[in-house]
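The structure appears below as structure tokens.
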Amino acid sequence: MAKKGENTKKAAGNAKKAENASKKKQAENQAAEAAEAAQWEDGAKKGNKKKDDAQFKKEEAARKKAERDALLAAEEQALPSKPQSSKQRGAAKVAARRAGKIDDFLDFNKDTPEVSASGIDNALDALALTSKDGGVSSKDIDRHPERRMKAAYAAFEEQRIPELKKENPGLRLQQIKNLIHKEFQKSPLNPMNQETNIDYNASQEAVASKKQEVRQSREKKFA
């Protein structure tokens with residue numbers, strides 16, 4: 001026959017076990033959160049040190065500088081030969097930019113389409129169409145866009161992680177990375193989505209056809 005008070009002791013023991021289990025679970029959760037926070041910090045540091053990412057940014061900076069230099073050179077060549085004051089030249093450039101016409105800076109021949117654009121990026125794209133090869137040379141045709149995927153994705157991920165983290169504070173790091181991966185598949189920054197891509201074993205005729213196709217596509221944008 002059970003003695004008086006045994007049930008009370010058993011209940012107390014069960015309560016103690018439940019309390020210990022709760023503390024253990026809480027400690028595990030805190031450790032998981034600390035590990036994830038460390039992963040975020042470590043990931044940010046590693047992202048800044050990635051060689052491929054740095055190379056990609058370096059190439060982009062060089063490309064943009066070349067485009068700016070080309071635009072400035074075209075502007076200088078198109079300036080009137082008669083002397084003008086700095087104030088007059090500046091006013092002419094500002095007026096042309098406000099009108100959104102880059103034609104005012106260029107001397108087109110009869111084989112070059114007239115284009116108009118607003119904004120520096122669009123102006124640079126339109127300016128490229130006036131060059132000898134129509135802005136699309138053989139080196140622009142990419143037979144191996146997959147070689148640029150790693151660096152492009154690293155740069156894309158580095159930019160989007162803090163943005164998505166701010167937009168979705170409740171998501172874990174892996175969930176955010178999954179969203180970025182899906183977004184990158186359709187992004188214009190994905191090398192695999194470029195209109196200049198072509199099969200690696202394409203013939204010279206196919207390359208010439210692709211160049212013409214890309215030129216016509218870009219001309220329609222500024223028609």
Given the conditions (1) modelled with pLDDT under 70; (2) polar (S, T, N, Q); (3) open to solvent by 60 Å² or more (accessible area, probe 1.4 Å), and given that Asn29 satisfies all but one, which numbered condition is not satisfied? (1)
Qualifying residue in the stretch 206-215 (condition: in contact with a strand residue (DSSP E or B) (Cβ under 9 Å, 6 or more places away or on another chain), at pLDDT below 95 and closer than 26 Å to Lys58 by Cβ): no
Where a residue in the stretch 153-171 is part of a helix (DSSP H, G or I) and its partner, wherever it lies, is among the polar types (S, T, N, Q) and open to solvent by 70 Å² or more (accessible area, probe 1.4 Å), with Cβ under 9 Å and at least six apart: Glu158/Asn48
Give me a count of the residues in the stretch 172-213 that are in a helix (DSSP H, G or I) and within 22 Å of Ala35 (Cα to Cα). 8
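The values are calculated or read from the model by the stated rules, or taken from the named source; none is laboratory data. Note that the coordinates shown come from a computational prediction; the quantities given were computed from them, not determined experimentally. Heads up, the Cβs are rebuilt from the backbone with ideal geometry, glycines too, and the neighbour counts pull from every protein chain shown. Heavy atoms of the whole protein, side chains included, go into the accessibility calculation; ligands, DNA and RNA do not. Shrake-Rupley method; radii C 1.70, N 1.55, O 1.52, S 1.80 Å.
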